[in-house]
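K.L.:
The structure's right below; bear with me while I get my questions together.
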Amino acid sequence: MKLSPRLYALLLLCVNVCILHAQNLDSLFHCLDLAIDNTPNYIAEKEKRIDDLKKKVLHARELSEHYHLARSLYQEYMPFVNDSAIVYLQECIRLSEQMGNRSQADECRSLLALQCSNTGMFDEAQVILQEVNTEGLDSIALGKYYEACRHVFGELAYYSRVPGNLSNLCLPHCLLIMTPYSVCVSKT
């Protein structure tokens, strides 16, 4: 089974912790070997959590319960299997709209755009971001939206073939999709 980049990141985090506490290079290699040797256990634990959530979805009676389980499945799949993460985000969007919660649906759209851009699906991510109505978003959903915008357009700028300061390339695109009402104001 091919490990996802996020699983590798977890592995690197383990290595970083080991580096901080390693007395010498041998103990660092030993710690890294243990983490690699435990990879099948990490995968089995994740697959068990996913299977348990799928069983709960079958017995969900209310839309809100089904939504929360689908959201949990997305979170489990997010660093593990991209296409499954996308399927469960789409399910979250469908359920949110069915419950009449547009802000929640648009938050999930922002997460979907982020998930797409993390895997190089930049065109899809841009289309999804254009579907988000920022005027009706609560502060958490708006934050997710801005995070998705930053990532999508930052990645587009990074991979652009235009020479020069690539970080400025995303600014006009971000301004086109943001509305005057999409400014996050903190309450004091």
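The values are calculated or read from the model by the stated rules, or taken from the named source; none is laboratory data. For clarity, every value in this text was computed on a predicted model and none was experimentally measured. Glycine also receives a Cβ, built like all others from the backbone with ideal geometry; neighbour counts cover every protein chain displayed.
K.L.:
Which helices (runs of 4 or more DSSP H) sit wholly inside the range 40-135 and have at least 1 residues that are surrounded by 15 or more Cβ atoms within 10 Å (Cβ to Cβ) and either in contact (Cβ under 8 Å) with a residue 60 or more places away in the chain or in contact with a Pro (Cβ under 9 Å, 6 or more places away or on another chain) (or both)?
P.N.:
82-98, 102-118
K.L.:
Still on this structure, please answer the following. Check the range 60-73 and report whether any residue there is modelled with pLDDT of 95 or more, in contact with a Ser or Thr (Cβ under 9 Å, 6 or more places away or on another chain), farther than 21 Å from Asp138 by Cα and not charged (D, E, K, R).
P.N.:
Yes; the residues of the range 60-73 include at least one that is modelled with pLDDT of 95 or more, in contact with a Ser or Thr (Cβ under 9 Å, 6 or more places away or on another chain), farther than 21 Å from Asp138 by Cα and not charged (D, E, K, R).
Listed here are the residues, each with its yes/no results for (1) over 25 Å from Asn101 (Cβ atoms); (2) at pLDDT 90 or above.
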residue	(1), (2)
Gly120	yes, yes
Glu124	no, yes
Asp138	no, yes
Lys144	no, yes
His151	no, yes
Leu156	yes, no
Val162	yes, no
Leu175	yes, no
